[in-house]
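**Q** Let me begin by handing over the structure; questions about it come next.
The values are calculated or read from the model by the stated rules, or taken from the named source; none is laboratory data. Model, not experiment: these values are computed from the prediction. A quick note on method: Cβ atoms are made from the backbone with ideal geometry, for glycine too, and the neighbour counts reach across all protein chains shown. Protein only, heavy atoms only, side chains kept; ligands, DNA and RNA dropped before computing areas. Shrake-Rupley method; radii C 1.70, N 1.55, O 1.52, S 1.80 Å.
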Amino acid sequence: QVQLVESGGGLVQAGGSLRLSCTASGRTFSSYYGMGWFRQPPGKGREFVAAMHWAGNTYYADSALGRFTISRDNAKNTVSLQMNSLKPEDTAIYYCAADRYTSDLTTMRSVGYWGQGTQVTVSS
């Protein structure tokens, strides 16, 4: 089993920045797992934000490109999401995701493990 714990959410004004972090643990977890971030805006479905292959390839949703940066520290089993130039439409619950078999974790159906989520609220 794998556990994912997010931190770093909160309230920020439009144009501000936040950094989300996720730490993975569990007997079966390894640095070869695909890891990423999804979000669920109020009243909407969950959507892909960013993902990072264990070898370093990165993937971004169009809405995140140029503003968000994903990074991971395989030695510490962590993945982070630096979010800059935040907009009110970025308001959502952000979920850390991981999967043993999928390296480019860009679709929900590929996710094997989810974190509990952390709230990000961007005020206008």
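**Q** Does THR102 satisfy the condition of being open to solvent by less than 60 Å² (accessible area, probe 1.4 Å), β-branched (Val, Ile, Thr) and modelled with pLDDT under 95?
**A** So THR102 passes the test.
**Q** Is it true that some residue in the stretch 24-36 is assigned to a strand (DSSP E or B), touching a residue at least 24 places away in the same chain (Cβ under 8 Å), β-branched (Val, Ile, Thr) and out of contact with any Cys (no Cβ under 6 Å at 6 or more places or on another chain)?
**A** No, because not a single residue in the stretch 24-36 is assigned to a strand (DSSP E or B), touching a residue at least 24 places away in the same chain (Cβ under 8 Å), β-branched (Val, Ile, Thr) and out of contact with any Cys (no Cβ under 6 Å at 6 or more places or on another chain).
**Q** Continuing with the same structure: Just checking, which of ALA75, ALA97, ALA55 is outside any loop (DSSP other than H, G, I, E, B) and in contact (Cβ under 8 Å) with a residue 40 or more places away in the chain?
**A** ALA97
**Q** How many residues are of a type in the set (Ser, Thr, Tyr) and either open to solvent by less than 20 Å² (accessible area, probe 1.4 Å) or within 15 Å of TYR33 (Cβ to Cβ) (or both) when one looks only at the stretch 72-94?
**A** The total comes to 3.
**Q** In this structure, does TRP114 turn out to be modelled with pLDDT under 95 and either within 13 Å of GLY36 (Cβ to Cβ) or surrounded by fewer than 17 Cβ atoms within 10 Å (Cβ to Cβ) (or both)?
**A** For TRP114, the condition - modelled with pLDDT under 95 and either within 13 Å of GLY36 (Cβ to Cβ) or surrounded by fewer than 17 Cβ atoms within 10 Å (Cβ to Cβ) (or both) - is not met.
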